[in-house]
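Please treat every number below as a calculation from the coordinates, not as lab data. Worth saying up front: this structure is predicted, and the values here are computed from it rather than measured. With ideal geometry, Cβ positions are generated from the backbone for all residues, glycine too; neighbour counts draw on all protein chains shown.
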Amino acid sequence: MSAGETILEYKGELVAWKEAQRRYEQSAAEDGHTFFFDLDDGQVIDGAQGGNSARWVNHSCEPNCEAEQQGSRVFFHALRDIEPDEELFIEIVH
């Protein structure tokens, strides 16, 4: 994969932040896994509901890809050339 190339889209159900918080409280009691991607408008993509492999991308201080929001969609783009089977990492900005 070459630098700048689109890798994949973060898929899942689009929900309000209040619903995401309710789901978080429920999942924390069950198995501890949550797959939420917070959007600029206060909505959340819940990758556990209709999501894809993008939900398994981890965060890192040394990311090899970045997330770009386009409306209510999020795409991951390569920051540098990425080798086949190399793990993907994004930087979380708060």
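Points to keep in mind about this one:
- Whole-Hz ³J(HN,Hα) from phi, Karplus 6.51 cos²θ - 1.76 cosθ + 1.60, for the stretch 61-75, glycine and proline x: 6, 10, x, 10, 8, 10, 9, 10, 8, 10, x, 9, 10, 10, 10
- Coil-residue GluC sites (Glu not before Pro) of the stretch 11-94, DSSP, other Cβ within 10 Å capped at 14: Glu86, Glu87, Glu91
- A cut-off of 5 Å between modelled amide H atoms, ignoring neighbours fewer than 5 places along the same chain, links Leu79 with Gly4, Cys65, Glu66.
- Length gained on full extension, Ile7 to Glu68, computed as 0.36 nm times the residue gap minus the Cα-Cα distance: 20.8 nm.
- The average projected area of the stretch 6-90, computed from the convex hull of its Cα atoms over all directions, is 5.9 nm².
- Calculated [222 nm] ellipticity per residue, helices only, for the chain: -5000 deg cm²/dmol; basis is -39500 (n - 2.57) per DSSP H run with n ≥ 4, divided by all residues, nearest 500.
- Amide H contacts under 5 Å for Gln49: Glu13, restricted to partners 5 or more places along the chain or on a different chain, H placed in the peptide plane at 1.01 Å from N.
- Amide H contacts of Tyr10: Val74, Phe75, Phe76, each under 5 Å away and 5 or more positions distant or on a separate chain (H built 1.01 Å from N in the peptide plane; Pro and chain starts excluded).
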